[in-house]
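What follows draws every value from the coordinates through simple rules; no lab data is involved. What you see is a predicted model; the values in this text were computed from it and never measured. Neighbour counts run over all protein chains shown; Cβ positions are idealised from the backbone, glycine included.
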Amino acid sequence: MRLLLILLLVTYGQGLTVYEPHHEDGVNVVHEDGEGERVHFSIETLDFRDFIIDDSDYSYDNIKDDAVASDLNIDIDSDDETVSYGDNKIKDSAPHPSTNNNNNDDEIDSIGIDIDANSIPEPPDHKQTAKMSRYLCHYSDWLAMATISTRGSLTGTPFASIFSYSDGPLGNSTGIPYFYMTNMDMSTHDLQKNSKASVTISLAQNGYCRVHSLDPEDPRCAHVILAGDVVKVPANSSEEAFAKEALFSRHPVMPDWPESHGWYFTKLNIDSVILLDFFGGAIDVPLQDYFNVVL
């Protein structure tokens, strides 16, 4: 049986949509009811794909009916909000606050883990430029990376893409972005030709700027640019063990990514730190100051 990851997104008033992102091992079912509650389920094995339905006013019973109509053996119990597929084991997570909810106390990050905004310390004063740079690097889980493209007509032009990263488990910041990469990614093709890259991380990513009514382009909505070379972390080294812990603790879906993609750990060897966190223009942060920060 081929294992496929299919993301079923059930949104109140929008219907059921199933996405197949070419990732094996599991399926996630997300239901959002009219009161803003989201319940996530995952099925570990599944042998179908390209199941797409869009309609309105979906309930658990609607999902079940559509699954049966599509010859999918999915059983959904609307009373206790459980899902089963044949003999497969189901993982049922706790409800998550809806992104449509007006409550700003909680944020949901890019990997689906609840983040209590109150557990993240307030950003440092804008005059503490090194500390602000490290704060941005540690309290974000994804960034935009720019490389020099090697892709067809784009060859030689700047090319930006999104990457999950970690500079260490929460509370153990190094200031070094670590990545889990595959040579199947477009940007890694660029990096094989030219390892130079720059990454951008913004305070807008953790909800701070929205809460404080700051546009992402407002200088007070701080962002840092880290530039340098993306290099492989030596295999079987203590640094690789740290990179693994750093990434997998912050992105728990990573261990389930398909082994056939040939994943490996990399890092950005930083040679330049540029910060914009207030009016008056960007600041070059000395590397020594950046790495000497203790969060």
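The Cα center of region 226-283 and the Cα center of region 168-206 differ in position by 5 Å.
Distant-in-sequence amide contacts of S166, defined by a placed amide H-H separation under 5 Å and a gap of 5 or more residues or a different chain, comprise Y178. Per-peptide packing, taken as the mean over residues of other Cβ atoms within 10 Å, places 171-179, 158-166 in the sequence 171-179, 158-166 from highest down.
The alpha carbons of region 167-295 stretch over 47, 31, 29 Å along the principal axes, in descending order. Sorted on the mean count of surrounding Cβ atoms within 10 Å across their residues, most packed first, peptides 208-217, 182-191 read 182-191, 208-217.
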